[in-house]
Amino acid sequence: MVFVGALVLMSSASSAMAQDADATAQPAGRPAIEFNRWQEDWSLLADPALRTEPLDSLKYIPLAPADPRSYVSFGADLRERFESNDAPSFGIGHQSATSYLLERLELSADIHPDANWQIFTQLQDDRAFWKSRLTPVDQDQLDLEQAFVTYQTPFLGGELKVRAGRQEMAFDLQRFVAVRDGPNVRQAFDAVWADWERGHWRVISFWSHPVEDRTVHPFDDYSDSHFQYGGFRIERAKFGPGSLSAYYSRYELDRAKFLFASGNERRDIFDVRYAGTSAGYDWDLEAMGQTGSLGQKQIRAWAVGSLSGYTFANLAWQPRIGLQADAASGNRHPDGGTLGTFNPLFPNGYYFTLAGYTGYTNLIHIKPSITARPSRKLKLLGAVGLQWRQTTADAVYTQPDIPVAGTAGHGGGWTGAYAQIRADYLFNANLTGAIEAVHYAIGGALRRAGGHDSDYVGVELKFGW
């Protein structure tokens, strides 16, 4: 099955668009299709009057008729995205123009034996048609995307949830820990996750082995002790006009390779974020520091990011003027004992654009934008991004943290500028679509390395049942 369609960002922005339109697209009282399918609550269909759609008999199958919270629910997602990129990696390294179709099919089963237990399983089949150079995030034919068990119960005046198994996880705007919904293959973790919520407080602890994708045989994705990630996080809602969070995490990867160091990577990561809205203003500020070691070198890296804006709610189309500012460290001394190259961990592929021209490493990035909503179903965005290197001793990086050949130590700090336009549309409660176009005008460092200006166009449709 092939739908032609375009780049819907399942980021905070597009999710917010879908939520805004729910009042008109979603029948009152009926569950909505969520970004994380395991968060849906189909126990509402215990009321036969709400079973109004085809195949509702598969959305709610009662296990114990006396308990509406005891049921089985099946779901499916299909995403079709056509992409055209005339210069991957700015045409450097024998990269040539390419056009291809990405297809992601997901099938899920959500079992609730009672109000305390949940068993969730999701299969994926991700394919890339007509793409000559495949990466691990392009294709993963028939594999286990998620399979976990959750137990929740009242504890110490709050609610405790423990989840174990293969699962997806993300923090905040997904700058650094993301589901990776932009590329075709999402990021999963074989993990144990526990969180406790009480009032405005939430405490999270987790440890994981990130799943690494293979395409040799069905069900051959794997994780092991050579790649581990975990940590501890505290969140406080209603902290002034916003919410505050902070976490410590540990990133361990054996046999890691960077431009200026290789060996076993051991990073200690400290992150703090403050976000909120007030009187038409919105903001999201985050800072991360990284220490530790990689081989024989000591790590000293950092990154900061901000998204802010003002919405003119009383004007037609509710325009929002926004500003995005980001910076991440690079390595200043190639032969020194310190590695300054920032590791973006598990980044959100659409935080900058879906074109993949911009990675969150050795970066200074300024992006003014304007968004408008001609209707509750349509959202329009126009933006211009300006980009520099934090240090010219390190390379220019593309998504997620791939160095562009021939740029490290050569050329100036100016990387280039890009223009981005996109349109997101919510057809109904089950179908969304979008179109995105990006033109990147490169700077001297990329041109000296043999690159040229780049253009990207993406079209996507996403159906959820």
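Considering the range 221-242, and only residues there that are among the polar types (S, T, N, Q) and in contact with a strand residue (DSSP E or B) (Cβ under 6 Å, 6 or more places away or on another chain), the residue that is nearest to residue 171 (Cα to Cα) turns out to be 228. Taking the criterion of being of a type outside the set (A, V, I, L, M), over 14 Å from residue 465 (Cα atoms) and in a loop (DSSP other than H, G, I, E, B), the residues of the range 28-50 that qualify are 29, 47.
Considering 441, 437, 419, the condition of being without any contact (Cβ under 8 Å) to a residue 24 or more places away in the chain and touching a strand residue (DSSP E or B) at 6+ places or on another chain (Cβ under 6 Å) is satisfied by 437 alone. Name every residue in the range 99-115 that is aliphatic (A, V, I, L, M) and at pLDDT 95 or above, in order of residue number. Passing the criteria: 101, 102, 105, 107, 109, 111. With respect to residue 413, is the statement that it is modelled with pLDDT under 95 and more than 27 Å from the chain's Cα centre (by Cα) true? No: the conditions fail for residue 413. Confirm whether residue 350 is touching a residue at least 60 places away in the same chain (Cβ under 8 Å), under 27 Å from residue 413 (Cβ atoms) and either basic (Lys, Arg) or out of contact with any strand residue (DSSP E or B) (no Cβ under 8 Å at 6 or more places or on another chain) (or both). Answer is yes for this residue.
To keep it simple, each residue is scored yes or no on (1) more than 30 Å from residue 379 (Cβ to Cβ); (2) in contact with a Cys (Cβ under 8 Å, 6 or more places away or on another chain); (3) buried (at least 19 other Cβ atoms within 10 Å of the Cβ).
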| residue | (1), (2), (3) |
| --- | --- |
| 266 | yes, no, no |
| 271 | no, no, yes |
| 293 | yes, no, no |
| 312 | no, no, no |
| 317 | no, no, no |
| 345 | no, no, yes |
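If the condition is being on the phi < 0 side of the Ramachandran plot and not hydrophobic (A, V, I, L, M, F, W, C), then the range 279-293 contributes 281, 282, 284, 286, 289, 290, 291, 293.
Summed over the range 52-110, the residues that are over 21 Å from residue 122 (Cβ atoms), touching a residue at least 24 places away in the same chain (Cβ under 8 Å), in a strand (DSSP E or B) and not β-branched (Val, Ile, Thr) give a count of 7. State all residues of the range 110-126 that are in contact with a Leu (Cβ under 9 Å, 6 or more places away or on another chain) and farther than 27 Å from residue 458 by Cα; if no residue qualifies, say none. Scanning the range 110-126 gives 111, 112, 113, 114, 121.
The values are calculated or read from the model by the stated rules, or taken from the named source; none is laboratory data. As the structure is a prediction and not an experimental result, all values here were calculated from the model. With ideal geometry, Cβ positions are generated from the backbone for all residues, glycine too; neighbour counts draw on all protein chains shown.
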